Structure formats: structure tokens, C-alpha cells
1. Cβ-Cβ under 8 Å, sequence separation 6+ or interchain: first residue in region 117-143 and without any contact (Cβ under 8 Å) to a residue 24 or more places away in the chain, partner part of a helix (DSSP H, G or I). Which pairs?
2. Just to verify a result, which residue in region 15-33, among those that are of a type in the set (D, E, K, R) and part of a loop (DSSP other than H, G, I, E, B), is farthest from Pro191 (Cα to Cα)?
3. If you take the residues of region 38-66 that are surrounded by 20 or more Cβ atoms within 10 Å (Cβ to Cβ) and within 16 Å of Val169 (Cα to Cα), which of them is farthest from the chain's Cα centre (by Cα)?
4. Take the residues of region 105-148 that are under 17 Å from the mean Cα position of the chain (by Cα) and of a type in the set (Phe, Trp, Tyr): which is modelled with the highest pLDDT?
5. Here is a check on your reading of the model: is Asn90 free of Cβ contacts under 8 Å to residues at least 40 places away in the same chain and either surrounded by 15 or more Cβ atoms within 10 Å (Cβ to Cβ) or among the acidic types (Asp, Glu) (or both)?
6. Look through Asp97, Asp110, Asp125 and report the one residue that is assigned to a helix (DSSP H, G or I), surrounded by fewer than 16 Cβ atoms within 10 Å (Cβ to Cβ) and of a type in the set (Asp, Glu).
7. Only one of (1) more than 15 Å from Asp32 (Cα to Cα); (2) modelled with pLDDT under 95 is not met by Asp75, so which one is it?
8. Checking the structure you have, find out if any residue of region 51-73 is of a type in the set (D, E, K, R), touching a residue at least 40 places away in the same chain (Cβ under 8 Å) and either under 20 Å from Met142 (Cβ atoms) or part of a helix (DSSP H, G or I) (or both).
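The values are calculated or read from the model by the stated rules, or taken from the named source; none is laboratory data. All of these numbers come straight from a predicted model, not from anything done at the bench. Counting neighbours? That spans all protein chains shown, and the Cβs are built from the backbone with ideal geometry, glycine included.
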Amino acid sequence: MSGDDDSGATGNAEFLLRHAAPGRIGLVAGGDLISHLIRTAQSPLTRDGHRSLWSHAFLFSERRSDGRWWVIESDLDMRYKQMRLGVQENRIDRYFDADEFPNLAVLDFDLDDAQTRQVVTAGLDLLSGLTRYSLSELIGTMFAMRSRRLRKRDNLLAREGALYCSAMVQHCYAAAGLHLLPEVSGKNLAPHDIADSALPHQSYRLLRDLGVSSLREFAHSTEALLATPVEDLF
């Protein structure tokens with residue numbers, strides 16, 4: 001994997017439009033409470049124990065005749081009077097607000113034309129089938145995060161016809177024969193797992209919130225201080 005910190009981009013819109021392409025994977029961190037809880041729940045998956053940079057994953061679909069890029073995602077959309085729960089299509093514009101979405105990433109797995117069609121078609125099939133968002137599976141995934149054994153197994157709360165965001169992305173990539181983290185069951189895959197995929201890919205990132213817990217940062221500093229020989233403190 002190679003990474004590219006695109007923090008020089010002037011904003012979310014410039015960043016996303018620069019890197020958008022059919023079949024690519026998008027990752028975001030939302031600024032709302034639910035996103036914060038999802039990021040914190042993934043702390044067992046991070047290398048330093050801080051909360052994850054990511055709370056949501058989606059697929060880039062295509063640029064339509066309206067001139068806009070559209071994405072396919074499984075989400076809890078409660079912005080409007082009519083709530084949408086499940087696989088849906090949205091304009092990429094929904095992620096243009098930097099206050100609402102401080103962290104962005106676009107992952108390019110260098111899909112060929114056939115793989116791109118397979119991935120996007122799988123997403124459209126889920127859309128047409130009215131696949132629901134699965135809160136129970138999300139809870140099952142969080143429950144399994146501290147156990148490698150459980151993460152290899154099927155999600156304990158799996159449901160037919162339901163997928164949460166990162167499980168939806170894995171489902172679509174499986175249609176092209178790609179498993180983003182083979183050692184983790186598809187319905188236990190978290191957004192952070194996608195970012196950590198060992199499959200060769202290019203990762204473009206725009207980061208504003210590194211997710212460092214002040215309490216954990218203090219604990220790490222204290223541990224380092226206690227481990228320092230007394231003679232080195234003076």
C-alpha cells in the first residue's frame with residue numbers, strides 16, 4: 001500500500017473531485033455523536049489504541065448526466081423528515097462540508113474495467129433490492145473487535161438482506177473476487193479494516209481530526225515517564 005497525504009487540498013470538494021473514479025472506496029469521519037462513537041469503538045483495531053480516523057465507508061459509482069459524482073452507500077440518513085435506512089445513492093456533495101466530515105480518504109485498488117463493472121453492479125443490485133442498514137450487525141461487529149477468533153467467524157447478529165456500510169463495500173468487492181481483509185469475515189469488517197487492507201492500493205487522505213484521546217495520550221506520557229531511569233530525569 002502507498003499513501004498520499006493530500007492535506008494541501010483547499011477543501012473537501014476539491015479533494016473528492018480530484019480523486020473520484022468508479023469503483024474506488026471512500027472513507028470519512030463524521031463530526032456527529034454517532035460517528036464519534038463508531039470511531040471510538042474501533043480503538044482496539046488501531047495501532048496506538050486511539051479512536052479510528054474513520055466512521056463510514058462508501059463506493060464511488062459514476063458521474064451522471066447532471067455532472068455530479070454519485071456514491072453507493074449503506075447509511076442511516078436522518079437529515080430529512082423522511083428517514084432512509086439502508087443502501088442508497090447520494091451525490092458526493094453530501095461530504096463537501098469540512099465541519100461535518102473532517103477526515104476523508106479515497107482508496108484506489110487499481111481495478112480493471114471488468115472488476116469496476118462487477119463492483120458497481122453489485123452495489124446497484126443491493127440498491128434495487130432495497131437492502132437495509134443493519135444496526136444489529138454493526139453491534140455484532142463491535143462486540144467481536146477485541147477477539148481475533150470472533151472476527152474470523154460469521155457475525156453473531158447477522159441478518160439476511162441487511163448490511164452496514166463497510167460490510168456493503170466488502171460485499172461489492174467480493175463480486176470482483178477481492179477480499180479487503182481475508183482474515184476477517186465480511187460482515188465483521190469495520191471502516192478501519194478497509195483503511196488497513198493489505199491489498200495493493202493507493203490511499204489519498206485529507207485529515208483534520210487525528211482522533212487522539214487526551215486521556216490516553218496522558219496515560220502514554222505517564223508510562224514513558226515511569227519507564228525513564230531516575231538519573232535521566234535530572
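1. Partner pairs satisfying both residue conditions: Phe143/Leu150.
2. Result: Asp32.
3. It comes out as Ser61.
4. Top of the filtered list is Phe109.
5. Spelling it out, Asn90 is indeed free of Cβ contacts under 8 Å to residues at least 40 places away in the same chain and either surrounded by 15 or more Cβ atoms within 10 Å (Cβ to Cβ) or among the acidic types (Asp, Glu) (or both).
6. Details: Asp97 fails: assigned to a helix (DSSP H, G or I); Asp110 fails: assigned to a helix (DSSP H, G or I).
None of the other options fit; the residue is Asp125.
7. Just one mismatch for Asp75, condition (1).
8. yes
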